[in-house]
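A.B. asks: Just passing along the structure, written as structure tokens.
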Amino acid sequence: MKNNFLGALIEESMQYGLIEEIEKLVQHNNSLSYLPVQPLYMAFKTMIPEKVGLYLEKLDADQRQAFLDIDLWDKDGLDLESFSFWIQSYRNCPNEKIKNEFLQGPEFGLYLKSKLNIWTFDLEEPLYPDHDNYFLTEDNLLLFEFHEDFEQIEEVHELVKDLYSALGVENAYTHLFKYVATSFSHLVEEEYHWKKNRMRDLGFVDYFDALSIDSDIPIIDNFIDKKTAHTGNIDILGKAQVLPKNSIIPFREKNDALLDELSKVEDDKRREFLRFNFIRLINATHTLNNSLKSGSVSMARTGKKTRALIDLGFDYLKINRSSENIFDRFEFEDLYKIGNSLIKDVQGKIKASLKKNNMEETEGFFGAFWSSFLDQSFSQTIKFEEKDVATVESYNHWQERSDLFCQLLPFMEKFFSVYEKLNKSGTLQDAYYLNYNPDDMDFESLLISCFANFKLGHFSGDVNRLGITIDEARKFLGDILNSSNKLVVDKEGFSDFAKSFALNQIDGFIPYFTGCLKRDFEGLDFKTLTDEEFKHIGGLIILNSQ
């Protein structure tokens, strides 16, 4: 397709995603400086530190720094656990210039300050710790104190010696004294600022900027109306970047409408900007989920969620702004934010309704149907009936189901309060019921049992009989199922039952209740069941006749 720069980026990322091929390049090429950062990073992280140390000289300084920037930070703080890999790698680097680059860099100094206590030392008036967990520098001017459980002390001690050898005693002391005299928080804040700026040019997004991308838009249509086009200049390093294979796999299945819209972009600068904006968005979602460091499964899941939100945002724009070329004014981050805001709007209403009705901790009472709905509504990639919510049509269906659930919650709460009171008082006993124990009863089983009692003429205005006998169950099933064991949809009967519980005020209650009966009873050949076999029926609480 004309101007399909997104497809080209995806295919390029897929090619670089072959770790074995990258490893061959690492082993056989003298320089890897022409390769994009992320595929190289992924390949290097599959190697043992001893091998990484041998290959560090094939990278340029920007690539080596990018690896550290990716790996050694968690939000705006240091990820101390990740240092071990790079301490070992640089210790095994035979190129002294490359090793010294690391030793004299801020990361190693920050690591020393975070893992060891560094004290100035006076040989004429020596103050030693009351334990043996320390070492002195060669000039006897600094004392490094460490915890007895610190496993990498041998490597660190050796690297400090290497630092002194590289800089000389006076310069090494001056370099390290900076970390003695300056507060840790100030040093981290300063380096975080520089790290953030370095990574921006490569399309990476820091945690707090990623949060702003992930935040929802209060009024979506107002945002759309006021959005203005922005096309920034992309650094040459940014133009060369691609994405990890596993994060891009969910995008291989084409969205023809989106690609068709992209093909309308004629300006080269705009295309370059949109390409970089796509990379930046994917990296932002990785940052939020720590996916890049967590591995391929996490990247694939994050990519799948991002794809669904982009598609949803695009579909919403296309429906509401069909007369304009979407990508002339909007970029991928906008599509993501629109899709994300639509999702969060529904999720927020569900959460608010659960809280209002004091049902936040009672998910087990909702029953399998609503529990599954909630699980899918708050999964990483939102689903409706096992399919991703990635179009306005699927979103509308999901929203309608959510509205139904929220309308039902006050009634669920009333059912639950009666059920809980009876259960806690000991009124409900295991021995009373054939196919349920009291703790497993849920809203739908109570609702259907109330309907059965209502249909059998036992209803007296409140929920005072939980269950029916086996003979009554046979009669009830005979009334609602035809000879083919299909549900007889008695709209008038369903409506009368709904009115008796004031459920008729809920939009969509009758179709929902019809679905409950179909899920539980259609296809059930109840006429052939023995009394004993009724204990395996769900959806209808049956009293124990023994």
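A.B. asks: Tell me which of these Ala352 doesn't satisfy, since it passes every other one: (1) of a type in the set (A, V, I, L, M); (2) touching a residue at least 24 places away in the same chain (Cβ under 8 Å); (3) more than 25 Å from Gly539 (Cα to Cα).
C.D. replies: (2)
A.B. asks: So, in the stretch 23-54, of the ones that are among the hydrophobic types (A, V, I, L, M, F, W, C) and under 28 Å from the mean Cα position of the chain (by Cα), which residue ends up nearest to Asp201 (Cα to Cα)?
C.D. replies: Filtering first and then ranking leaves Val37.
A.B. asks: Report yes if Phe5 is of a type in the set (Phe, Trp, Tyr), out of contact with any Asp or Glu (no Cβ under 7 Å at 6 or more places or on another chain) and within 16 Å of Ser296 (Cβ to Cβ), otherwise no.
C.D. replies: Judged against the criteria, Phe5 is not a match.
A.B. asks: Of everything in the stretch 363-391, what is polar (S, T, N, Q), over 16 Å from Asp315 (Cβ atoms) and surrounded by 18 or more Cβ atoms within 10 Å (Cβ to Cβ)? Give them in sequence order.
C.D. replies: Answer for the stretch 363-391, where residues must be polar (S, T, N, Q), over 16 Å from Asp315 (Cβ atoms) and surrounded by 18 or more Cβ atoms within 10 Å (Cβ to Cβ): Gln376, Ser377.
A.B. asks: Considering only the stretch 312-357, state which residues are more than 19 Å from the chain's Cα centre (by Cα), among the aliphatic types (A, V, I, L, M) and closer than 29 Å to Gly203 by Cα.
C.D. replies: The answer is Leu317, Ile326.
A.B. asks: I'm told Phe521 meets every condition in (1) hydrophobic (A, V, I, L, M, F, W, C); (2) over 28 Å from Lys421 (Cα atoms); (3) surrounded by fewer than 18 Cβ atoms within 10 Å (Cβ to Cβ) except one. Can you identify the failing condition by its number?
C.D. replies: (3)
A.B. asks: Assess whether Phe501 counts as being modelled with pLDDT under 95, surrounded by 18 or more Cβ atoms within 10 Å (Cβ to Cβ) and within 43 Å of the chain's Cα centre (by Cα).
C.D. replies: yes
A.B. asks: Give me a count of the residues in the stretch 474-500 that are in contact (Cβ under 8 Å) with a residue 24 or more places away in the chain and not in a helix (DSSP H, G or I).
C.D. replies: Selection size over the stretch 474-500: 5.
A.B. asks: If you check Asn255 against the conditions, is it surrounded by fewer than 20 Cβ atoms within 10 Å (Cβ to Cβ), modelled with pLDDT under 95 and either closer than 24 Å to Ile22 by Cβ or in contact with a Ser or Thr (Cβ under 9 Å, 6 or more places away or on another chain) (or both)?
C.D. replies: So Asn255 fails the test.
A.B. asks: Now, a different point. Considering the stretch 524-540 alone, what residues qualify as being surrounded by 14 or more Cβ atoms within 10 Å (Cβ to Cβ) and under 39 Å from the mean Cα position of the chain (by Cα)?
C.D. replies: Ile537, Gly538, Gly539, Leu540, listed by residue number.
A.B. asks: Would you mind telling me which numbered condition in (1) among the aliphatic types (A, V, I, L, M); (2) farther than 30 Å from Asp69 by Cβ; (3) over 20 Å from the mean Cα position of the chain (by Cα) Leu274 fails?
C.D. replies: (2)
A.B. asks: Of Ser394, Ser417, Ser445, Ser402, which residue is hydroxyl-bearing (Ser, Thr, Tyr), part of a helix (DSSP H, G or I), surrounded by fewer than 18 Cβ atoms within 10 Å (Cβ to Cβ) and under 38 Å from the mean Cα position of the chain (by Cα)?
C.D. replies: Exactly one of Ser394, Ser417, Ser445, Ser402 is hydroxyl-bearing (Ser, Thr, Tyr), part of a helix (DSSP H, G or I), surrounded by fewer than 18 Cβ atoms within 10 Å (Cβ to Cβ) and under 38 Å from the mean Cα position of the chain (by Cα), namely Ser417.
A.B. asks: Related question: Could you please let me know if Leu466 is surrounded by 17 or more Cβ atoms within 10 Å (Cβ to Cβ), part of a loop (DSSP other than H, G, I, E, B) and among the hydrophobic types (A, V, I, L, M, F, W, C)?
C.D. replies: Yes, satisfied.
A.B. asks: Being among the β-branched types (Val, Ile, Thr) and buried (at least 18 other Cβ atoms within 10 Å of the Cβ) is true for just one of Ile219, Ile234. Which residue is that?
C.D. replies: Checking each option against the conditions leaves just Ile234.
A.B. asks: Among the residues of the stretch 371-379, are any touching an Asp or Glu at 6+ places or on another chain (Cβ under 6 Å), touching a residue at least 12 places away in the same chain (Cβ under 8 Å) and over 23 Å from Thr514 (Cα atoms)?
C.D. replies: So far as the stretch 371-379 goes, no, none of its residues is touching an Asp or Glu at 6+ places or on another chain (Cβ under 6 Å), touching a residue at least 12 places away in the same chain (Cβ under 8 Å) and over 23 Å from Thr514 (Cα atoms).
A.B. asks: Something else: Cβ contacts < 8 Å: first residue within 19 Å of Met199 (Cα to Cα), restricted to the stretch 75-86; second residue among the β-branched types (Val, Ile, Thr) and not in a loop (DSSP other than H, G, I, E, B), any location; separation 6+ or different chain. Result?
C.D. replies: Asp76/Val188; Gly77/Val188; Leu78/Val188
A.B. asks: List the residue pairs whose Cβ atoms are under 8 Å apart, where the first residue sits in the stretch 453-470 and is over 19 Å from Phe416 (Cβ atoms) and modelled with pLDDT of 90 or more, the second is among the aliphatic types (A, V, I, L, M) and part of a loop (DSSP other than H, G, I, E, B), and the two are 6 or more positions apart or on different chains.
C.D. replies: As it stands, the answer is Ile468/Leu456; Ile468/Leu540; Ile468/Ile541; Ile470/Leu434, since those pairs meet every condition given.
A.B. asks: Follow-up. Being among the charged types (D, E, K, R), out of contact with any helix residue (DSSP H, G or I) (no Cβ under 8 Å at 6 or more places or on another chain) and either under 27 Å from Leu540 (Cβ atoms) or outside any helix (DSSP H, G or I) (or both) is the filter here; which residues of the stretch 355-380 pass it?
C.D. replies: Scanning the stretch 355-380 gives Glu361, Asp375.
A.B. asks: For the stretch 381-391, how many residues are not in a loop (DSSP other than H, G, I, E, B) and not basic (Lys, Arg)?
C.D. replies: The total comes to 2.
A.B. asks: Under the condition of being over 16 Å from Ala498 (Cβ atoms) and acidic (Asp, Glu), which residue from the stretch 428-452 is modelled with the highest pLDDT?
C.D. replies: That would be Asp442.
A.B. asks: Restricting attention to the stretch 245-264, and to residues there that are polar (S, T, N, Q) and assigned to a helix (DSSP H, G or I), which single residue is nearest to the chain's Cα centre (by Cα)?
C.D. replies: Ser247
A.B. asks: Taking the stated definitions as given, is Arg275 closer than 20 Å to Pro36 by Cβ, modelled with pLDDT of 95 or more and either in contact with a Leu (Cβ under 6 Å, 6 or more places away or on another chain) or assigned to a helix (DSSP H, G or I) (or both)?
C.D. replies: yes
A.B. asks: On the given criteria, is Thr228 in contact (Cβ under 8 Å) with a residue 12 or more places away in the chain, assigned to a loop (DSSP other than H, G, I, E, B) and β-branched (Val, Ile, Thr)?
C.D. replies: So Thr228 fits the description; yes.
A.B. asks: Could I ask something else about it? Select, from Thr120, Thr46, the only residue that is of a type in the set (S, T, N, Q) and either in contact with a strand residue (DSSP E or B) (Cβ under 8 Å, 6 or more places away or on another chain) or free of Cβ contacts under 8 Å to residues at least 24 places away in the same chain (or both).
C.D. replies: Thr120
A.B. asks: Continuing with this model, one more query. Sort through Asn100, Asn133 and tell me the only one that's in contact (Cβ under 8 Å) with a residue 12 or more places away in the chain, more than 30 Å from Leu211 (Cα to Cα) and in contact with a Phe, Trp or Tyr (Cβ under 6 Å, 6 or more places away or on another chain).
C.D. replies: Asn133 is the lone residue from the list that is in contact (Cβ under 8 Å) with a residue 12 or more places away in the chain, more than 30 Å from Leu211 (Cα to Cα) and in contact with a Phe, Trp or Tyr (Cβ under 6 Å, 6 or more places away or on another chain).
The values are calculated or read from the model by the stated rules, or taken from the named source; none is laboratory data. Remember, predicted model here, so these are calculated numbers, not experimental data. FYI the Cβ positions are ideal-geometry reconstructions off the backbone, even for glycines, and counts take in every protein chain you see.
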